[in-house]
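Comments concern the structure below.
The values are calculated or read from the model by the stated rules, or taken from the named source; none is laboratory data. Just so we're clear, the structure is a prediction, and the values are computed from it rather than from any experiment. FYI the Cβ positions are ideal-geometry reconstructions off the backbone, even for glycines, and counts take in every protein chain you see.
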Amino acid sequence: MSAKAVAKSDSIRYHTRMKTLSVTEVARNFSAVLDTLERDQEEIVLVRNRRQIARLVPEAPAKSPRGLRRSVSNARRQGR
């Protein structure tokens, strides 16, 4: 598979801002953490016993429905 075939959201972003939260804090405030992740587009590192164990990485912002309709219309005109 070529690098061009990989979606932007599939690539791991190592050079972005990061916030560190304990697993306990994330578990207690999961919905709020996801809201913050989506709003700030900032990677969150989960820590347990002072060890980094996981990362929450935001998806790229979704296209607006208007922009999506335009993309579909353009694809149909081009015969895709």
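A few notes on this one:
- Taking the chain and the helices (runs of 4 or more DSSP H) fully enclosed by it, the elements with 1 or more residues that are touching a helix residue (DSSP H, G or I) at 6+ places or on another chain (Cβ under 7 Å), surrounded by 11 or more Cβ atoms within 10 Å (Cβ to Cβ) and modelled with pLDDT of 70 or more are at 23-28, 30-40.
- Pairs linking a residue in the stretch 31-60 that is among the acidic types (Asp, Glu) to a residue that is part of a helix (DSSP H, G or I), with Cβ atoms under 6 Å and 6 or more positions apart or on different chains, are 59/9.
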